[in-house]
Each structure stands twice: as C-alpha cells, then as structure tokens.
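A.B. asks: Mind looking over this structure? Questions follow.
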Amino acid sequence: MATLRIINGTLLTSGPHHQVINGDLYVQDGRITYLGKVPATAEETLDASGCVVIPGFVQSHIHLCQTLFRGAADDLELLDWLKTRIWKFEAAHTPESLRVSAQLAIAEMMSGGTTCAMTMESVHHTEAALEVVAESGFRAVVGKCLMDAGDEVPPGLRETTAHARTESLRLLDTWHGQAGGRVHIAFAPRFVLSCTETLLREIAALAREKGVRIHTHAAENRTEVALVERLTGRRNLMYLHALGLTGPHVGVAHCIWLDDTEMELLAETGTHVLHCPSSNLKLGSGIAKVAEMLERGISVSLGADGAPCNNRLDAFTEMRTAALLQKMRYGAQKLTALDAFQMATWQGARALGLEHEIGSLEVGKAADIAVVTIDTLHAAPHPDPLSALVYAAMASDVRHVVIAGQVVVRNGALTTLDAAETRARARREFAALAARAGVA
C-alpha cells in the first residue's frame with residue numbers, strides 16, 4: 001500500500017467548488033484520501049512550506065511530435081508555417097526522432113507542473129509517443145493526426161482515408177486504457193483543409209460508436225477560414241457540425257474567428273474550445289473571444305500548442321497570457337486569476353473527459369498534483385496565493401510533481417526522465433531530421 005504525505009502547504013483545490021485549505025494532503029495507492037488533517041506517517045513525505053499545492057495542470061492542446069522543431073519555424077503565419085516548415089519536418093520523422101521529441105516535451109511539461117495533456121501527433125509513428133507517455137509516468141489523451149487531403153502536403157504525410165481510419169482503430173484497440181489507465185486514445189483529424197468529407201463523416205460516426213474523443217483545429221487563421229468557406233460553402237464550425245463533429249466529446253483548438261452563430265453552436269452542443277494564447281500571438285492569428293465564450297457558458301481550457309509556435313510548453317505562461325489578453329480586450333475585471341486557474345486545471349480535465357479523475361484536489365480522485373513555491377522574490381509577499389500562482393509564479397518554481405501517486409519531479413529534478421540526456425539526444429536528432437527534411 002503506497003502512501004505519500006504533502007505537508008504544510010496551501011491547497012488550491014480548483015474544481016466547481018474551489019477552496020483554499022491550509023494544511024496537508026494524503027495519497028494512498030495513487031488516490032487522494034485526505035485533505036487538511038492527515039495521518040501522521042507515510043512512506044514518503046514532501047514538505048510544501050511556502051508553497052501552493054495544486055492539481056497538476058491539464059493542457060488540452062499539445063503536439064508532442066513538434067517539440068524537436070522548436071526555434072526552426074519562427075516568424076511565419078499559420079499556412080506558410082505548416083507548408084514550408086512543419087509538414088516537412090513531420091514527414092521526415094522516424095520512430096526514434098519522434099520518441100525523442102515526445103521525451104523532450106513531456107520532460108518540459110512535467111518539470112513545469114503539467115501532469116496531463118491531450119496531444120495530436122503526426123500521421124505516422126504515433127506509437128513512439130505513446131510509449132514515452134507510458135514509460136515516463138505522464139497522463140495523456142493521444143491522437144494520431146489524420147490527413148487524407150490538402151495542398152502541398154509532403155508524400156511522407158499523405159495517407160488514404162482507409163489508412164487513417166484503420167490505424168486510428170488499431171491504436172484505440174492496442175493502447176486505450178493502458179499504463180494503469182494513464183493512456184487514452186482520441187481521433188484527431190488535423191483540420192478541414194487536410195481531411196476529406198468522407199473521412200470526417202466516418203471519424204464522427206466512429207467516435208460516437210466507440211465513445212472516443214475528437215481533437216481537431218478550426219478557425220485559427222483568417223485565410224484558413226476563407227479557404228474553408230470557399231471549399232465547403234460553410235463557416236468552419238457549421239461545416240464540422242453538419243458532419244457530426246461537435247458535442248461534449250469534441251475539443252476544437254483555437255476558435256479565434258467565429259461569428260455569433262458559431263458561438264451559439266459551441267454553447268448549445270457543449271463543444272470544448274482549446275485556447276492557445278501564446279501560439280495565437282506568435283503566429284499572428286488573432287485573439288480569441290474567451291471572456292465572451294465563458295459568459296455564454298462555453299467550456300474553454302488551455303494548451304501551449306506546439307514548441308515551434310510558442311516556443312514553450314509552459315502552463316504558467318498560458319494562464320497569465322490568457323488573463324492579460326482578455327483584460328486588454330474586455331476590461332480589467334474580465335478573466336480573473338480563478339478563471340485562468342480553472343482553465344488550466346479543471347476545465348482542461350473536462351475537455352479531455354477526465355473531470356471525474358483529475359483536474360481538482362478532491363478525495364477519491366487520482367493523485368495528479370504539483371507543488372509550487374511562492375516564497376520567491378518575484379511572488380512575495382503573496383497575500384493572495386492564487387494571484388501569486390497565476391500572475392507571478394513560473395515553471396521554474398515547481399518543486400514536486402506527482403502523477404497517479406508517483407513522484408515524477410522531486411525537489412525540481414525529474415525522476416523518470418534524464419534531462420541532460422534528453423537535451424543531448426534532441427540536438428542530435430534535430431540535426432538529422434532537418435537534413436532529411438531538406439530545411440536549412
């Protein structure tokens with residue numbers, strides 16, 4: 001019976017009934033069993049003096065496969081970014097290069113307090129990413145990218161409709177629920193411009209039949225929106241809805257360029273918006289109307305997107321940036337620290353369909369926990385610990401991280417991945433990948 005105590009902390013529980021609790025937390029067999037007053041002994045004790053204890057961050061939109069391209073696709077808008085850099089790099093991946101890319105991403109995210117993510121991988125070699133998730137102790141909902149259409153798609157990313165469907169089903173049968181329930185599978189059609197109507201209809205039907213989540217992109221860039229309308233005769237979200245790709249099991253990244261009808265559709269169908277503020281800024285895509293979405297009752301969560309368009313996979317940056325952008329657009333009272341914290345934790349869990357397991361500190365839930373010091377010069381004097389966490393804390397302030405009861409970061413050091421080895425392998429693999437891709 002594995003037991004763990006986290007003592008002397010300030011617990012920020014998140015969830016629909018957020019509380020601030022000064023005290024301790026107890027974990028037994030991977031689950032939270034006590035909050036506040038806890039048993040006096042455990043196999044391991046982590047001291048959280050001067051720290052907040054929070055549910056691990058849940059990032060709802062990540063590309064593990066792109067982390068190896070960090071810094072190699074700067075200063076481009078979305079479609080040029082995809083066609084001249086990202087698709088070429090993805091097409092040049094081998095199982096080993098994708099494996100290293102996933103290790104680099106997960107090492108960074110766990111070090112920064114992220115314990116779970118929904119990820120969209122490339123067309124091939126998704127199994128390499130799944131293996132890293134399982135081995136590292138991370139929790140993830142992983143989807144193989146589906147692409148059976150599109151202009152200027154390299155041969156290495158082209159697939160038939162049948163292959164997209166068959167491989168997604170194979171991964172579902174092989175991996176869903178593995179690693180003690182930490183690994184889940186989603187269906188991940190990239191976006192309208194890279195998928196045939198036939199594929200989108202088939203995936204929509206399969207997702208409902210199998211009870212699987214759908215992870216896609218839409219309305220990220222004005223040019224993309226115009227091309228979708230020219231191709232389909234409909235706005236992005238209206239087209240997806242017509243094919244069955246909306247609902248509480250669907251997460252749509254970005255959703256910047258929506259009209260009122262599309263906003264109403266998101267609210268009515270319970271479709272989740274996966275907001276990526278830093279990526280949207282760096283690609284020059286725009287600023288999503290998040291404050292308005294929240295007022296309409298739309299579920300909005302946070303993700304860093306990919307390292308080539310961010311360039312960090314840092315939940316602290318996304319929380320702070322999300323809040324500040326909405327204040328600039330709608331006024332200082334909009335998108336509070338609590339709103340941003342909920343988007344980075346409980347709302348992320350909702351988007352992944354895991355809100356009954358993770359996303360808040362509650363007795364009975366899986367022990368996915370981060371301990372973050374706010375006893376720093378940049379956070380002092382922290383009269384409001386939630387404000388300190390959202391507006392002042394940084395990824396480097398994370399002291400301990402626990403996933404399913406396993407300590408994966410202890411005193412700031414990874415326990416399941418070797419940081420130095422991962423950095424060295426990433427440098428070697430990127431050089432080889434860039435040569436294969438023919439990108440200088």
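The values are calculated or read from the model by the stated rules, or taken from the named source; none is laboratory data. Note that the coordinates shown come from a computational prediction; the quantities given were computed from them, not determined experimentally. Please note: Cβ atoms are built from the backbone with ideal geometry, for glycine as well, and neighbour counts cover all protein chains shown.
A.B. asks: Which condition does D305 not pass, out of (1) of a type in the set (D, E); (2) surrounded by fewer than 23 Cβ atoms within 10 Å (Cβ to Cβ); (3) closer than 29 Å to W87 by Cβ, if it passes all the others?
C.D. replies: (2)
A.B. asks: Let me ask something additional. For the stretch 212-266, which residues satisfy the criterion of being touching a Leu at 6+ places or on another chain (Cβ under 6 Å) and at positive phi?
C.D. replies: Result: A219, single match.
A.B. asks: Quick check on my filter: what residues within the stretch 144-193 are part of a loop (DSSP other than H, G, I, E, B) and more than 22 Å from the chain's Cα centre (by Cα)?
C.D. replies: Selection gives D148, A149, G150, D151, E152, V153, P154, R158, E159, T160.
A.B. asks: Looking at this structure, is V141 within 15 Å of the chain's Cα centre (by Cα) and in a strand (DSSP E or B)?
C.D. replies: yes
A.B. asks: Going by what's in this entry, would R213 be described as under 22 Å from the mean Cα position of the chain (by Cα) and either farther than 20 Å from G286 by Cβ or among the basic types (K, R) (or both)?
C.D. replies: So R213 passes the test.
A.B. asks: Restrict the check to the stretch 194-206 and report whether at least one residue is at pLDDT below 95 and part of a helix (DSSP H, G or I).
C.D. replies: Within the stretch 194-206, none of the residues are at pLDDT below 95 and part of a helix (DSSP H, G or I).
A.B. asks: May I pose another question? List every residue pair whose Cβ atoms lie under 7 Å apart, where the two residues are 6 or more positions apart in sequence or sit on different chains, the first residue falls within the stretch 151-169 and is within 13 Å of H124 (Cβ to Cβ), and the second residue, located anywhere, is basic (K, R) and not in a helix (DSSP H, G or I).
C.D. replies: The qualifying pairs are E167/K144; S168/K144.
A.B. asks: Take the stretch 304-338 and flag every residue that is of a type outside the set (V, I, T) and in contact with a Pro (Cβ under 7 Å, 6 or more places away or on another chain).
C.D. replies: Residues satisfying the conditions are E318, A322, L325.
A.B. asks: Among the listed residues G306, G297, G284, identify the single one that is on the phi > 0 side of the Ramachandran plot and either touching a residue at least 60 places away in the same chain (Cβ under 8 Å) or not assigned by TED's automatic domain parsing to the domain that holds L237 (or both).
C.D. replies: G284
A.B. asks: Could you tell me which numbered condition S49 fails, if it satisfies all but one of (1) within 20 Å of L361 (Cα to Cα); (2) in contact with a Ser or Thr (Cβ under 7 Å, 6 or more places away or on another chain); (3) surrounded by fewer than 18 Cβ atoms within 10 Å (Cβ to Cβ)?
C.D. replies: (2)
A.B. asks: Still on this structure, please answer the following. So which residues in the stretch 107-126 are assigned to a helix (DSSP H, G or I) and more than 11 Å from C65 (Cα to Cα), if there are any at all?
C.D. replies: Selection gives A107, E108, M109, M110, S111.
A.B. asks: What residue, among those in the stretch 34-74 that are under 27 Å from the mean Cα position of the chain (by Cα), of a type in the set (A, V, I, L, M) and in a loop (DSSP other than H, G, I, E, B), is nearest to R410 (Cα to Cα)?
C.D. replies: Among residues in the stretch 34-74 that are under 27 Å from the mean Cα position of the chain (by Cα), of a type in the set (A, V, I, L, M) and in a loop (DSSP other than H, G, I, E, B), the one nearest to R410 (Cα to Cα) is A48.
A.B. asks: Out of A379, A434, report the one residue that is surrounded by 15 or more Cβ atoms within 10 Å (Cβ to Cβ) and in the same structural domain as L25 (by TED's automatic domain parsing).
C.D. replies: The unique qualifying residue is A379.
A.B. asks: Considering each of E96, E77 in turn, give the residue that is of a type in the set (D, E), more than 18 Å from the chain's Cα centre (by Cα), surrounded by fewer than 24 Cβ atoms within 10 Å (Cβ to Cβ) and under 27 Å from M343 (Cα atoms).
C.D. replies: E77
A.B. asks: Return yes or no: is A129 small (G, A, S), crowded, with 24+ Cβ neighbours inside 10 Å, under 21 Å from the mean Cα position of the chain (by Cα) and part of a helix (DSSP H, G or I)?
C.D. replies: yes
A.B. asks: Another question, if that's okay. Is it the case, given these coordinates, that A105 is within 20 Å of V58 (Cβ to Cβ) and either of a type in the set (G, A, S) or in the same structural domain as R399 (by TED's automatic domain parsing) (or both)?
C.D. replies: yes
A.B. asks: Here's a follow-up. Tell me, please, whether a residue that is under 19 Å from the mean Cα position of the chain (by Cα) and not in a loop (DSSP other than H, G, I, E, B) can be found in the stretch 224-247.
C.D. replies: no
A.B. asks: Inspect the stretch 206-223 for any residue being buried (at least 24 other Cβ atoms within 10 Å of the Cβ) and over 27 Å from I86 (Cα atoms) and give the result as yes or no.
C.D. replies: Among the residues of the stretch 206-223, not one is buried (at least 24 other Cβ atoms within 10 Å of the Cβ) and over 27 Å from I86 (Cα atoms), which makes the answer no.
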